[in-house]
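The values are calculated or read from the model by the stated rules, or taken from the named source; none is laboratory data. If you're wondering where the values come from, they're calculated on a predicted model, not measured in any experiment. Using ideal geometry, Cβ is built from the backbone for each residue, glycine included, and neighbour counts are taken over all protein chains shown.
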Amino acid sequence: MTNSHEKLRMMMIIALFAALIGIFSQLIIPLPLVPITGQTLAIGLAATILGARYGTYSVILYLFIGATGVPVYAQMTGGLGKLFGPTGGFLFSFVISAFIIGFILEKTRFNISMAFVANIVGMIINLTIGTIWLKLFASLTWEAAFLGGFAPFIIGGIIKAFLAAWIGILIRSRLESAKMLPKKATIS
């Protein structure tokens with residue numbers, strides 16, 4: 001397959017994953033400050049399946065689509081106000097989380113145990129940045145920010161990290177077998 005076909009295929013896959021993140025964002029368990037959503041599972045899947053570069057591109061595209069006002073963020077919201085509001089840190093941290101998850105996998109190996117570790121690291125990054133942002137933008141105490149933005153998400157985050165690792169590695173191996181991922185899907 002030619003290089004231009006490979007680029008087009010990857011652009012379509014990136015767009016597909018951006019759409020999946022938007023769909024998973026609508027899977028919600030409401031909480032007072034920050035809802036539990038399927039976003040982090042979708043971010044983990046994108047990074048586990050696509051690696052650092054393409055997984056990060058899919059997250060950036062998702063954030064850009066939402067920033068333009070398309071209601072792809074949790075609870076069918078969008079716009080710059082959401083990005084720069086109290087929960088914006090969770091959204092921005094998705095870029096870092098996706099890159100780090102993919103980077104860890106590319107520097108070690110794509111298997112379920114390493115994907116689980118990488119997704120746990122991504123979860124910690126997401127919750128830490130999101131909680132710090134929540135504290136600053138919502139004028140909360142550190143305790144209130146931790147109790148509203150970190151603690152309620154630990155158990156669910158572990159479960160989502162496992163699911164992203166298990167499902168992500170399964171899908172990635174099938175895409176590799178079908179030659180749907182580029183030969184050089186890793187960073188150098």
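General remarks:
- Residue within the stretch 24-41 that is farther than 22 Å from I154 by Cβ and either out of contact with any Asp or Glu (no Cβ under 9 Å at 6 or more places or on another chain) or buried (at least 20 other Cβ atoms within 10 Å of the Cβ) (or both) present: yes
- Test: K107 is touching a Phe, Trp or Tyr at 6+ places or on another chain (Cβ under 7 Å) and either crowded, with 22+ Cβ neighbours inside 10 Å or modelled with pLDDT of 95 or more (or both): no
- Filtered residues of the stretch 141-188 (kept if part of a loop (DSSP other than H, G, I, E, B) and modelled with pLDDT of 95 or more): T141, F150
- Any hit, the stretch 147-157, residues being among the aromatic types (F, W, Y) and under 16 Å from I36 (Cα atoms): yes
- Remark: pairs (first residue in the stretch 26-47, assigned to a loop (DSSP other than H, G, I, E, B); second residue of a type in the set (A, V, I, L, M); Cβ separation under 6 Å; 6+ apart in sequence or on different chains) = P35/I28; P35/A74; G38/L27.
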